[in-house]
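Notes to accompany the following structure.
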Amino acid sequence: MKSIQSIHSLKAGVIGTGFIGPVHVEALRRLGVTVTAICDVADLGAKAAARLAIPHAFADYRDLLTSPEVDVVHITTPNRFHCEMSLAALRAGKHVVCEKPLAMNTRETARIVAATRAAKRVFAVNYNVRFYPAVLALRRLVEHGDLGDIIHVNGSYMQDWLFKGTDYNWRLLPKEGGKLRAVADIGTHWMDTVSFILGAGIQSVLADLATWHKTRQRPLGEVQTFAKADAKMKYATYRVQTDDFASVLLRFANGARGNLGVSQVAAGRKNCIRIEIYGSKKSAWWCSEEPETLHFGNRDGANESAVRATPAFGDGAAGLMDYPPGHVEGFPDTFKMNFRNIYTAIAGGPGERLFASANDGHQEVAVCEAILKSNQARKWVSVL
Ligand code: SOE
């Protein structure tokens with residue numbers, strides 16, 4: 001149990017206190033990692049430190065980076081800060097866990113990849129969906145050839161938290177989040193997860209991006225991710241320049257074809273990831289709204305379902321589940337297991353590195369750029 005003891009001796013600092021920063025804090029604590037510091041502008045860091053009982057609060061991230069009480073820096077800010085903060089954290093000798101997408105464009109992500117190589121530190125991008133036990137199980141099944149050759153993959157990532165014209169968040173603004181929104185924010189989760197399962201990257205894309213709300217109402221004041229508008233709020237109208245939804249055709253390096261739908265205006269779909277893999281022997285499908293069950297499709301015999309942590313589920317998630325079958329592991333657990341894998345690597349512990357690297361994050365942004373180009377040119381575009 002050497003690596004577990006080492007995990008416990010590592011100290012984390014979190015930059016950003018919106019929706020996802022506290023999710024990182026909770027997952028780290030469930031692993032037994034001490035969160036020593038938190039940072040956000042003005043008094044937001046201090047308020048979060050008081051709320052979450054974190055000893056050190058900073059208003060300037062550079063002060064968190066010089067703290068000897070921090071070994072691993074978690075970057076959970078709007079995307080436009082990711083590059084600057086990642087490079088500074090590596091320069092300060094820290095390991096980094098950065099939220100996705102890794103940065104605003106491939107110029108930035110290439111700099112992070114180069115800096116990671118030079119710094120000899122662990123750099124992870126938080127593609128947490130990889131750590132649903134069903135996703136890990138699917139990866140193992142594909143690797144072992146249980147589904148046969150992969151013919152095609154179908155699926156979607158649907159949400160409704162930006163359904164109304166009054167729903168607002170920094171992600172809607174290209175200067176905060178980048179030129180792509182739904183595709184970069186949630187589509188890259190799906191594409192990273194499927195590439196991870198198949199062991200094959202995306203080589204080319206044909207994309208159709210669409211914006212349902214051509215203009216939206218921006219509340220005067222900041223609104224947290226997933227927060228609902230308040231009837232008393234005052235609004236300003238602005239033109240929307242990012243995608244509400246998209247359809248993307250994909251070609252993977254192993255010859256498989258893919259078909260992805262993404263939307264943040266899909267009423268009733270709160271956070272729904274669907275992955276269907278069609279192989280030459282059988283099919284397998286999974287949905288994050290029913291995270292504990294894998295389904296298998298057979299041409300001749302009956303279809304089957306397997307519950308997590310039972311023999312029919314396979315052993316792909318061994319060591320990355322803590323609860324017996326029937327005790328649901330879901331979204332928060334994916335963070336815990338991702339961080340367990342990352343912190344074990346930082347501690348020099350054993351086991352395969354399953355988390356997304358800086359290079360994986362760079363690839364996802366390269367796919368986003370190809371999607372943007374394809375939508376503009378109305379044709380297939382190769383990824384870098
Ligand atoms: C908002 O769309 C969001 O918080 C994403 O940014 C996360 O990556 C996803 O896990 C949940 O939804």
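Applying the selection to segment 246-279, what residues are more than 16 Å from the ligand (Cβ to nearest atom) and open to solvent by less than 40 Å² (accessible area, probe 1.4 Å)? Passing the criteria: Val248, Leu250, Phe252, Ala256, Gly258, Glu276, Ile277, Gly279.
Conditions tested, residue by residue: (1) farther than 29 Å from Val183 by Cβ; (2) in contact with a Ser or Thr (Cβ under 7 Å, 6 or more places away or on another chain).
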| site | (1), (2) |
| --- | --- |
| Ser280 | yes, no |
| Trp286 | no, no |
| Gly319 | yes, no |
| His362 | no, yes |
| Glu369 | no, yes |
| Val383 | no, yes |
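With respect to Ala227, determine if the residue is within 16 Å of the ligand (Cβ to nearest atom) and either at pLDDT 95 or above or more than 29 Å from Arg107 (Cα to Cα) (or both). For Ala227, the condition - within 16 Å of the ligand (Cβ to nearest atom) and either at pLDDT 95 or above or more than 29 Å from Arg107 (Cα to Cα) (or both) - is met.
Would you confirm, using the coordinates I've provided, whether Arg130 is surrounded by fewer than 24 Cβ atoms within 10 Å (Cβ to Cβ), part of a helix (DSSP H, G or I), touching a residue at least 60 places away in the same chain (Cβ under 8 Å) and within 15 Å of the ligand (Cβ to nearest atom)? It is false that Arg130 is surrounded by fewer than 24 Cβ atoms within 10 Å (Cβ to Cβ), part of a helix (DSSP H, G or I), touching a residue at least 60 places away in the same chain (Cβ under 8 Å) and within 15 Å of the ligand (Cβ to nearest atom). Before we move on, is Arg181 open to solvent by 30 Å² or more (accessible area, probe 1.4 Å) and of a type in the set (Lys, Arg)? For Arg181, the condition - open to solvent by 30 Å² or more (accessible area, probe 1.4 Å) and of a type in the set (Lys, Arg) - is not met.
If you go through segment 164-213 and keep only what is in contact with a strand residue (DSSP E or B) (Cβ under 9 Å, 6 or more places away or on another chain) and aromatic (Phe, Trp, Tyr), you end up with Tyr168, Trp190, Phe196, Trp212.
Condition check: assigned by TED's automatic domain parsing to the domain that holds Arg171, away from the ligand (no atom under 16 Å from the Cβ), at positive phi and of a type in the set (A, V, I, L, M, F, W, C). Does Ala309 satisfy that? When the stated conditions are applied, Ala309 passes them.
When segment 193-236 is filtered for residues that are open to solvent by 40 Å² or more (accessible area, probe 1.4 Å) and aromatic (Phe, Trp, Tyr), the ones remaining, listed by number, are Trp212, Phe226, Tyr235.
On the stretch given as segment 75-112, residues that are closer than 12 Å to Ala124 by Cβ, open to solvent by less than 10 Å² (accessible area, probe 1.4 Å) and within 14 Å of the ligand (Cβ to nearest atom) total 4. Only one of the listed residues (Tyr323, Tyr343) is more than 28 Å from Asp244 (Cα to Cα), of a type in the set (Phe, Trp, Tyr) and open to solvent by 30 Å² or more (accessible area, probe 1.4 Å). That residue is Tyr323.
Residues that are of a type in the set (D, E, K, R) and either crowded, with 19+ Cβ neighbours inside 10 Å or more than 18 Å from Ser305 (Cβ to Cβ) (or both) within segment 283-292 comprise just one, Glu292. Taking the numbered list (1) assigned by TED's automatic domain parsing to the domain that holds Val97; (2) away from the ligand (no atom under 16 Å from the Cβ); (3) open to solvent by less than 20 Å² (accessible area, probe 1.4 Å) in turn, Ala124 passes all entries but (2). State whether the residues of segment 237-245 include one that is away from the ligand (no atom under 16 Å from the Cβ) and surrounded by 14 or more Cβ atoms within 10 Å (Cβ to Cβ). Taking every residue of segment 237-245 in turn, none turns out to be away from the ligand (no atom under 16 Å from the Cβ) and surrounded by 14 or more Cβ atoms within 10 Å (Cβ to Cβ).
The values are calculated or read from the model by the stated rules, or taken from the named source; none is laboratory data. These numbers come from a predicted model, not from an experiment. All Cβ positions, even for glycine, are placed from backbone atoms using ideal geometry, and neighbour counts span all protein chains on display. Heads up: the accessible areas ignore ligands, DNA and RNA and are worked out on the full protein's heavy atoms, side chains in. Shrake-Rupley method; radii C 1.70, N 1.55, O 1.52, S 1.80 Å.
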